[in-house]
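Asks: Have a look at this one.
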Amino acid sequence: MKKPQMRAAPRQASSPLTDLSPNDVGLLVQHHMAHSSGNLHDVARWHMDDNVWNYIGYNYWIAFDGTIYKCRGFKQGAHVSNHNHYTYGIGYQGHFGSQNMTEEQLESGIILNAWLAQECGLSADEIVGHGDVAASACPERNFRMSELKDGVEAALEKGVSASELNAKIVYDGNDVKGFVEDGRTYVQLRNLADLVGVQIDYDNDTKEITFDGKVVDPIVIEGRSYLPVREVAEDIGLSVDWDQDSRTVLLK
């Protein structure tokens, strides 16, 4: 599994940080900011100026748009008292007591946590919220923990992240997410449904996924559902063509 793309955090540490090897990490702790709009510059100000810490407390941080920032990285964090010596902390922009976690944050959270779990030799069971190790409501009720852990588990089982799998699929001029495996092209159901305008639903009780009213049994990678593109297209009345020059699947 490849290291995710990430940006450098703003500002620099004011003093050297303590190393924390992935081999010594036992938990990946998820946090929200308890603030509806605070960005990473705000977090840096809160932690470094107001708290007078030597750097941002989190190891990594994910913005609303899914951008991943490296803060302390493989250094000891300052995100949960008495547990920093064996945990990495991942912060997410937003207040998940009053706001919903974005789709982009969930996807990036799965990618980042799957990579960290692989590096640390952990399973999805070692992904926890701040409130699981300390007296806190963080990361609050709207944090999508079960989806995050399911996505990480699927990524670890497959050994790759969805971002490493790619296929060129186009519908009405729009790129559609998908991947190729064993010569077969798979398409992401949610992405295609949004573009075409068909309904996709998940039943929490039965765990069944319906696509355009039909129960389907997709491959799930990082919390995203995929089916063979030809099977899906024919069910919703689309034709499937192949453009050899651009090596693109065309849905019409």
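Asks: For residue 29, work out the one condition from (1) in contact (Cβ under 8 Å) with a residue 60 or more places away in the chain; (2) within 30 Å of residue 158 (Cα to Cα); (3) surrounded by fewer than 20 Cβ atoms within 10 Å (Cβ to Cβ) it doesn't fulfil.
Replies: Tallying (1) in contact (Cβ under 8 Å) with a residue 60 or more places away in the chain; (2) within 30 Å of residue 158 (Cα to Cα); (3) surrounded by fewer than 20 Cβ atoms within 10 Å (Cβ to Cβ), residue 29 fails exactly one: (3).
Asks: Any residue in segment 207-221 that is closer than 30 Å to residue 22 by Cβ and either in contact (Cβ under 8 Å) with a residue 40 or more places away in the chain or charged (D, E, K, R) (or both)? Can you show your working first?
Replies: Let us first name the residues in segment 207-221 that are closer than 30 Å to residue 22 by Cβ, namely 219-221.
Right, trim to either in contact (Cβ under 8 Å) with a residue 40 or more places away in the chain or charged (D, E, K, R) (or both) and you get 220-221.
The answer is yes, given that some residue of segment 207-221 is closer than 30 Å to residue 22 by Cβ and either in contact (Cβ under 8 Å) with a residue 40 or more places away in the chain or charged (D, E, K, R) (or both).
Asks: Would you confirm whether or not segment 150-172 contains a residue that is in contact with a helix residue (DSSP H, G or I) (Cβ under 8 Å, 6 or more places away or on another chain), crowded, with 16+ Cβ neighbours inside 10 Å, free of Cβ contacts under 8 Å to residues at least 40 places away in the same chain and part of a helix (DSSP H, G or I)?
Replies: Yes, there is a match, as at least one residue in segment 150-172 is in contact with a helix residue (DSSP H, G or I) (Cβ under 8 Å, 6 or more places away or on another chain), crowded, with 16+ Cβ neighbours inside 10 Å, free of Cβ contacts under 8 Å to residues at least 40 places away in the same chain and part of a helix (DSSP H, G or I).
Asks: Within segment 218-234, can you find the residues that are in a loop (DSSP other than H, G, I, E, B) and modelled with pLDDT under 85?
Replies: The initial filter retains those residues of segment 218-234 that are in a loop (DSSP other than H, G, I, E, B), namely 218, 222-223.
Passing the criteria: 222, 223.
Asks: Got a sec? Which strands (runs of 3 or more DSSP E) wholly within segment 35-125 have at least 1 residues that are charged (D, E, K, R) and modelled with pLDDT of 95 or more?
Replies: Working: elements: 60-62, 68-70, 87-92.
Hits in segment 35-125: 68-70.
Asks: Would you pick out the residues in segment 133-143 that are more than 17 Å from residue 61 (Cβ to Cβ) and either within 22 Å of the chain's Cα centre (by Cα) or outside the structural domain of residue 90 (by TED's automatic domain parsing) (or both)? Show your work before the answer.
Replies: Pass one, segment 133-143, residues more than 17 Å from residue 61 (Cβ to Cβ): 133-137, 141-142.
Result: 133, 137, 141, 142.
Yes or no, residue by residue, for (1) under 18 Å from residue 139 (Cβ atoms); (2) out of contact with any Lys or Arg (no Cβ under 7 Å at 6 or more places or on another chain); (3) among the aromatic types (Phe, Trp, Tyr):
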residue	(1), (2), (3)
9	no, no, no
15	no, yes, no
25	no, yes, no
38	yes, yes, no
52	no, yes, no
57	yes, yes, no
60	yes, no, yes
66	yes, yes, no
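Asks: So, of the residues in segment 185-199 that are assigned to a strand (DSSP E or B) and at pLDDT 90 or above, which turns out to be surrounded by the fewest Cβ atoms within 10 Å (Cβ to Cβ)? Lay out the reasoning, then the answer.
Replies: Start the filter on segment 185-199 by keeping residues that are assigned to a strand (DSSP E or B), which leaves 185-188.
Still in the list and also at pLDDT 90 or above: 187-188.
Values: 187: 26, 188: 23.
That would be 188.
The values are calculated or read from the model by the stated rules, or taken from the named source; none is laboratory data. Note that the structure is predicted; figures quoted are calculated from it, not measured. Methodologically, a virtual Cβ is constructed for each residue, glycine included, from the backbone with ideal geometry; neighbour enumeration extends over all protein chains shown.
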